[in-house]
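Step one of this worksheet: look at the structure below.
The values are calculated or read from the model by the stated rules, or taken from the named source; none is laboratory data. These numbers come from a predicted model, not from an experiment. For neighbour counting, all protein chains shown are included, and Cβ atoms are generated from backbone atoms with ideal geometry for every residue, glycine included. Heads up: the accessible areas ignore ligands, DNA and RNA and are worked out on the full protein's heavy atoms, side chains in. Shrake-Rupley method; radii C 1.70, N 1.55, O 1.52, S 1.80 Å.
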Amino acid sequence: MRRASRLRMVRRSRVLVSSPRIWKPRLVFWLGALAIGAISAGFASVADQAQLLFTDVIHADGGRRYLPLLITPLGFVLCAWLGDRYFPGSQGSGIPQCIAARHIRDDVERGGYLSLHVVFGKILLTVVGLGCGASIGREGPTVQVGAALMLQAAKFGGMMRARGLILAGSAAGIAAAFNTPLAGVVFAIEEMSRSYSSRTNGIVLATVIIAGLASLSLVGNYTYFGVTNATAGFPTDWILVVACGVTGGAFGAFFSDSVLRLTRRIRRWRSIQPRWRVVVVAAIAGLVVAIIGVGTGGITYGTGYAQARSAIEGSHLPITFFFTKFVATLASTCSGIPGGLFAPSLAVGAGLGSVFGMLFASNASIAALLGMTGYFAGVTEAPMTSFVIIVEMTGNQANLVPVMTAAVLGYGTARLVSPEPLYHALSRFYIADALRKRRAADSARKREEATPAAAS
């Protein structure tokens, strides 16, 4: 009896292994995760080259300082027009679209934000935006790219768990963009889903690991902002911890609230003459970014990675950098062009930390680290993601407790100022757009059905 039972189990396992219904979804899932890692690495390289090209052009021969006053507004207009005309759903960060897609049930509506067409437009227009000096990042777009690739893999492989795979693709995008696998997992749980599911998180872990391996094989292992060995002392640096946490959270919440207010007003204003007014908004935002960039000698253009890394490595940033980068990022975020705000927000936080570091005569590296954490926690209202991503990006666990404290203080302050998390609030706009299109399609269909009946 036992021998017969074992034989039946062996035969069943062979059938399962050989069945296409078993191995095809897994193969497609693995290939999708590998594609996220590879495309994320390529996207990062091209985006960096675009930013370097812009820097080289405006600094060539020392006589092109004012060229961005022409290039940047025109680049913004081009990105906004192409996004509105040919790549709808690609605008902005990309994270709100992923959150919206998880709440949308219809596959066609969900595909409007997470299709291969949108992936192409998102990468192309983000690169163009960085190539004209926009204060944007590639991390949010990488999240949308990752989610879209996993959703397409789910369709091709016949996998039904679309919401879980969108979550997994989003996490892999963050992990591959920053080389922060733990932050990718925490981001998926805390920011994207706002809940814990052991079954879904197994998919998230597998996707992050596979995408991370693909990225590592192409670019190697690295820490995004380098490595700092500076540590916050107790109790001498804890005034700095509190100041960066509370002030950073307040300014982060003010940024989020400003984005939401401006976005609502711009959307209402654009609803009358959509395409023409899209161009006007982009041109104004581009001109603001260009004027700030010219006035600051070009340090506010792009992601702000170089400035944030120099602060982490021990150099105080100019005292005006925090405010000017804040305004440039706000203008870029509300302009309607594709581009994220992770890296620019971290740069703004580093600038804020530098201000407090000079005020309290503190170590520049510690000040930047705490400023980044407090401000980023205020913008995203995701404290765990904030401190995990900062620790992973700087390779310094000695400051874990001070960084955690700054993140919690930033989050708590932000909740008092702006209780609505930015990405989730923005996602409601995309959900509303999908519902509006559905109602319009339903109305058109009913009119078509009623026309033959009336004619007869």
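Within region 76-117, track down each residue that is open to solvent by less than 10 Å² (accessible area, probe 1.4 Å) and in a helix (DSSP H, G or I).
Those that are open to solvent by less than 10 Å² (accessible area, probe 1.4 Å) and in a helix (DSSP H, G or I): Phe76, Cys79, Ala80, Gly83, Ile95, Pro96, Gln97, Cys98, Ile99, Ala100, Ala101.
Would you mind finding the one in Thr263, Thr247 that is among the β-branched types (Val, Ile, Thr), open to solvent by 20 Å² or more (accessible area, probe 1.4 Å) and closer than 18 Å to Ser135 by Cα?
Details: Thr247 fails: closer than 18 Å to Ser135 by Cα.
After ruling out the rest, the residue left standing is Thr263.
Which numbered condition trips up Val279, out of (1) open to solvent by 20 Å² or more (accessible area, probe 1.4 Å); (2) farther than 23 Å from Ala253 by Cβ; (3) in contact with a Gly (Cβ under 6 Å, 6 or more places away or on another chain)?
That leaves (3) as the condition not met.
Hey, can you tell me all the residues within region 392-424 that are buried (at least 22 other Cβ atoms within 10 Å of the Cβ) and at pLDDT below 90?
Listed by number, the residues that qualify are Glu392, Met393, Thr394, Asn396, Asn399, Ser418.
Starting from region 318-329, keep only residues that are open to solvent by less than 10 Å² (accessible area, probe 1.4 Å), then list their pairs with residues that are among the polar types (S, T, N, Q) whose Cβ atoms are within a distance under 6 Å, requiring at least 6 positions of separation or different chains.
These pairs meet every condition: Lys325/Thr300; Ala328/Ser135; Ala328/Thr300; Thr329/Ser135.
Do we have any residue at all in region 287-304 that's out of contact with any helix residue (DSSP H, G or I) (no Cβ under 8 Å at 6 or more places or on another chain), over 20 Å from Gly75 (Cβ atoms) and either open to solvent by 40 Å² or more (accessible area, probe 1.4 Å) or not basic (Lys, Arg) (or both)? Walk me through how you get there before you give the answer.
The first filter runs over region 287-304 and keeps only residues out of contact with any helix residue (DSSP H, G or I) (no Cβ under 8 Å at 6 or more places or on another chain), leaving 297.
Imposing the further condition that a residue be over 20 Å from Gly75 (Cβ atoms) reduces the set to none.
No - not one qualifying residue is present in region 287-304.
On the given criteria, is Cys132 within 18 Å of Phe342 (Cα to Cα), open to solvent by less than 60 Å² (accessible area, probe 1.4 Å) and of a type in the set (A, V, I, L, M, F, W, C)?
Working: within 18 Å of Phe342 (Cα to Cα): no; open to solvent by less than 60 Å² (accessible area, probe 1.4 Å): yes; of a type in the set (A, V, I, L, M, F, W, C): yes.
Against the criterion (within 18 Å of Phe342 (Cα to Cα), open to solvent by less than 60 Å² (accessible area, probe 1.4 Å) and of a type in the set (A, V, I, L, M, F, W, C)), Cys132 does not qualify.
I'd like to check something: does region 334-351 contain any residue that is assigned to a helix (DSSP H, G or I), touching a Cys at 6+ places or on another chain (Cβ under 9 Å) and crowded, with 24+ Cβ neighbours inside 10 Å?
Kept after step one, since they are assigned to a helix (DSSP H, G or I), are these residues of region 334-351: 334, 342-351.
Pick out the ones that are also touching a Cys at 6+ places or on another chain (Cβ under 9 Å) and you get 349.
Checking the rest, the ones that are also crowded, with 24+ Cβ neighbours inside 10 Å come to 349.
Yes, there is a match, as at least one residue in region 334-351 is assigned to a helix (DSSP H, G or I), touching a Cys at 6+ places or on another chain (Cβ under 9 Å) and crowded, with 24+ Cβ neighbours inside 10 Å.
Looking at Arg64, Arg85 in this structure, which one is basic (Lys, Arg) and without any contact (Cβ under 8 Å) to a residue 60 or more places away in the chain?
Values: Arg85 fails: without any contact (Cβ under 8 Å) to a residue 60 or more places away in the chain.
Matching residue, one of Arg64, Arg85: Arg64.
I'd like the full set of residues that are open to solvent by 20 Å² or more (accessible area, probe 1.4 Å), polar (S, T, N, Q) and either in contact with an Asp or Glu (Cβ under 9 Å, 6 or more places away or on another chain) or modelled with pLDDT of 80 or more (or both), limited to region 18-67.
If the condition is that a residue be open to solvent by 20 Å² or more (accessible area, probe 1.4 Å), polar (S, T, N, Q) and either in contact with an Asp or Glu (Cβ under 9 Å, 6 or more places away or on another chain) or modelled with pLDDT of 80 or more (or both), then Ser45, Gln49, Gln51, Thr55 are the ones that fit.
Given the conditions (1) buried (at least 23 other Cβ atoms within 10 Å of the Cβ); (2) modelled with pLDDT under 95; (3) of a type in the set (Phe, Trp, Tyr), and given that Phe360 satisfies all but one, which numbered condition is not satisfied?
Among (1) buried (at least 23 other Cβ atoms within 10 Å of the Cβ); (2) modelled with pLDDT under 95; (3) of a type in the set (Phe, Trp, Tyr), the lone unmet condition for Phe360 is (1).
Look at Ile239 and say whether it is touching a residue at least 24 places away in the same chain (Cβ under 8 Å) and either farther than 20 Å from Lys325 by Cβ or more than 26 Å from the chain's Cα centre (by Cα) (or both).
It is true that Ile239 is touching a residue at least 24 places away in the same chain (Cβ under 8 Å) and either farther than 20 Å from Lys325 by Cβ or more than 26 Å from the chain's Cα centre (by Cα) (or both).
Out of Phe187, Phe120, Phe156, report the one residue that is modelled with pLDDT of 85 or more and either assigned to a helix (DSSP H, G or I) or closer than 28 Å to Ala311 by Cα (or both).
Phe120
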